[in-house]
Every structure is written in structure tokens, then in C-alpha cells.
1. Does segment 384-407 contain at least one residue that is of a type outside the set (S, T, N, Q), in contact (Cβ under 8 Å) with a residue 60 or more places away in the chain, more than 29 Å from F273 (Cα to Cα) and assigned to a strand (DSSP E or B)?
2. Taking segment 273-330 on its own, how many of its residues are more than 17 Å from Q230 (Cα to Cα), in contact (Cβ under 8 Å) with a residue 24 or more places away in the chain and surrounded by fewer than 16 Cβ atoms within 10 Å (Cβ to Cβ)?
3. Among residues belonging to segment 408-429 that are in contact with a helix residue (DSSP H, G or I) (Cβ under 9 Å, 6 or more places away or on another chain) and assigned to a loop (DSSP other than H, G, I, E, B), point out the one that is surrounded by the fewest Cβ atoms within 10 Å (Cβ to Cβ).
4. Would you tally the residues in segment 94-128 being crowded, with 24+ Cβ neighbours inside 10 Å and of a type outside the set (A, V, I, L, M)?
5. Restricting to segment 64-93, and then to whatever is surrounded by fewer than 18 Cβ atoms within 10 Å (Cβ to Cβ) and polar (S, T, N, Q), can you tell me which residue is modelled with the lowest pLDDT?
6. Taking the conditions exactly as written (closer than 27 Å to N161 by Cβ and without any contact (Cβ under 8 Å) to a residue 24 or more places away in the chain), does V106 satisfy them or not?
7. Would you check which residues across segment 221-254 are open to solvent by less than 20 Å² (accessible area, probe 1.4 Å), in a loop (DSSP other than H, G, I, E, B) and of a type outside the set (A, V, I, L, M, F, W, C) and list them?
8. Is it true that F442 is aromatic (F, W, Y), in contact with an Asp or Glu (Cβ under 9 Å, 6 or more places away or on another chain) and in a strand (DSSP E or B)?
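The values are calculated or read from the model by the stated rules, or taken from the named source; none is laboratory data. Because the structure is predicted, anything quoted here is derived from the model rather than measured. Reconstructed Cβ throughout: ideal geometry from the backbone, glycine too, with neighbour counts over all protein chains shown. Remember, those area values only see protein heavy atoms, side chains included, never the ligands or the DNA or RNA. Shrake-Rupley method; radii C 1.70, N 1.55, O 1.52, S 1.80 Å.
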Amino acid sequence: MKRFPTLLSILTVIAALALAACDDDKKNTNNVNNVNNTNNVNNVNNVNNVNNTNNQGPCAAPPREFWNYDLTVMPPRNVQIAATCYGEGPNVYVYVADDAWEDGTVTEAMVANIVSAWETATPGNPQAGIFESVTSVMGMPPDVDSDPHVVVFVSKLGSYNGTNFDGYFRRENQSPGANSNLTEMVYIDCEHHAPDSDYLLGVLAHEFQHMISFGHDPAEEGWLDEVFSQTAMALSGYWSDLAAGNVYLTRTGSTPLLVADSRNFSYGAGFLFASWLLDQYPHQFFGDLVADLDDGVTSFNDALALYEAEDYDLYDLLLDWAAASLLNDPAVGDGRYFYATLGDQVVSPTPTAGNWDFQHTANLALSSYRYYEFDVAANQEVSFLTEHADVLRVLAVFRGEGVVQMLPLAIIEGEGRVTTPEWDGSWTFIVLRSSGSGEIAFTVSTPVDPT
């Protein structure tokens, strides 16, 4: 995580970066949309963590000069920064850039809090820190230096053209090279947020997962790698991207989850999707998914085949997730249409009001979807007509008189039909593109006047 700004398409090293900028709405506005952690319902009072230093002792690691990206210029250049280790646990060394320590930007209390969050407890798991919370589900990180400690390097990452950076994982460190530190290492900023804030601890969990994923499958598609890292945030209980998720639910038709270029990834969509998946599947599901050497949709379908009925694939899963966002109700179906962990912190999307006998059109990217709602009378017959059945999945949701019914719509020769139950209410059609991209069209009609 966090984000490398889309304006920096000139970067040739982008595949190696997972850098922070702004939220999904305003990528170039000095992080004004970053979540205020004082409003995060899962926020742990980091001040109280100062006294929780069971895992911290004198740091045995020597001072070092670390290769780092200078992000104040584009493309970034490699620079070395002098650093000293001020915190240690069984699984972490916390190094601080000498300049950030000497000017008081980073303090002993902040380092103690980072060690505690890494080793002892997180908002999502009071019995385990980031390291155990993430590795127990996603697997262990690589080890190129025969040292179980992960280096967390805290420094001033700077900004470029109004875009601030929160942290990143650098692939070069996983193999010998002129600019390699040859160690497992995550970089975290201290210039724009306190490094022990829940916001940046969430970034730390996210970037750590990029390291794990790289160790298992360095060729994994970017969007899925980002989903893995949003899962790490959710596992650790850091809800920094919940606000961006709620924004995503207002524009589902134009914001896909699957993107060819991870610089366009929606962190809000990824966070909601990851949180919902954690509610639905045992943790082994994620271990299987991360370790699968297939990539992207194929990898996801491999994992789903172990848990779902035959012929249930990623796009069926995305429809169920979209329905969960719409309903968020544990009483519907088998319980999958609900955010058990996030609960009512997830806002309800507003469906588009449908017009009868009118051609609705939408420009949908792969995996994006929209909600269309039609008011109906009891026992009313409804037809969904489209010439794009081969690229769409449609889920029909009836709501009325306290009753909710779900129906995956079978579209045969361009027509799908539903029969309204014996109550007045509405049908909401969730229309998702499962192949290609571009404009789709459909018409909803009825032999009965809905008025």
C-alpha cells in the first residue's frame, strides 16, 4: 500500500513499488483524504502501548546505511541513508533514519509502539501482533539473509508534485545487487503521519504482505497482490481504507476490482472485498490462494474450487459480494450477504432507479457492476432483455414486506425472467461484467403495468 500515484506513469520501476499516496478520490492532494485515525472505531490508543514493551530490549543490530528510493524526484533515484536500530523483537528490527531521530521526528515511545504492534497486539487481534496475525494466515515471508527479523525502516519518504508517500516494499532487497540491502525490509514514512499511528501501522501490515506474496509468487497479478495486502490490513484490524470503501460503493459502475495496471487499483474496493472474504472463508482459503502458483482469476478459481459448488467462480463470488454490500443482513440466505466484521460501518449503495421498457446502457470495465431497482406489484412477471448475455452475470434481488429473495438470472436467448412473490416490493438487478469491457445495454419489461 499504499499507493503509487497514477500521474507517475513514467516510472520504469513501478512493478517493484507499492507506495502510498492519497485515497481513491484525490490522488494528488497532499493526502487530505487520509482517514483520521481518531475516528476509526477500531483505533487502538497507541499512547497506551508505550508501556507494552515485553518484546523490546537493547537492539543488537548494528547501525547501517540502507538503500532507499529518493521519491522527491521522478523517476526515483537510489540513495543510501544512515540509520540506527532503536527497537527489537523476536521478528523485527526497527531502524530509524539518523536525521529523523536527531531532529525528534521519531521518538523512543513511537519505536516501542511499532515493536508492540508488530509482536504483541493489534486492534484486530489483542493476542497477536502484525507478524503473527498476517503470517498465520498468509504464510511466512522469504528469508534471504538467514535472519528471522524483518527490518522496518522509518524515514522521511518525502513527496513529489503534492503527492505524499506512506511506505513501500522494495523487491531489489530480495536478491543480490548493487543497490540491494539483501534483507527482508519494509519502508515506512514518518514525515506526514506519526509512524506508530494506526494509519501507518495499517500500511506496515499491507507492505509486509507484499513481501510474503512476492516470496510465494513474484509473478502474481497486481490486483490480486493488492487484495492480499488489503486482507493483511483487515486481519490486523486497521480500517484505514474503510472510508475509501464507502466511497467506492457510490460508484461501482466505474470502479473495477480487477485492473490490468495495479496503479489503478481501488484500495476501497479491495479493503471491502478482503474484509468480506475473511468473514466467509476459513483462513486456509487465503493460504491456499497466496501459495497457488497460478495467477489472477485462475488462481482465485483454484481456491474457490476447494470450498464452493461446481461451476462457482470469481464472478459469481463478486456478485455475492455486491449483494452483501446492498443488503448487509445476516438473516438473508446462508449468511454470506453480510459484513460480519465491519457491520454497519459499511454504507448502503444507492441503486439506479430503473425505467420500464427503456434501454439502459452502461460502460462497464471487467468486474465492475451496477445496481438497477424496479418497483413491482405482487405476482408481477418481469423480463430482463439483453444482447450482451455472454459478457454479463446478473443477480436479481427481491425486497418487499420484510422478505428478501435472491435469484441468479439465467439469460436464455437474450431473455431472463423472474416472477415477483406475493408481495409488493422491488427487484434490484445487479449487473456485472464478467468478460471484456465497454458498453452494455439491457431493457426490463413486464406484461403488467407496474403502476
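1. yes
2. 4
3. Top of the filtered list is E413.
4. Total meeting the criteria: 5.
5. By that ranking, first place goes to T72.
6. The answer is no for V106.
7. Those that are open to solvent by less than 20 Å² (accessible area, probe 1.4 Å), in a loop (DSSP other than H, G, I, E, B) and of a type outside the set (A, V, I, L, M, F, W, C): G237, Y238, S240, D241.
8. Yes, satisfied.
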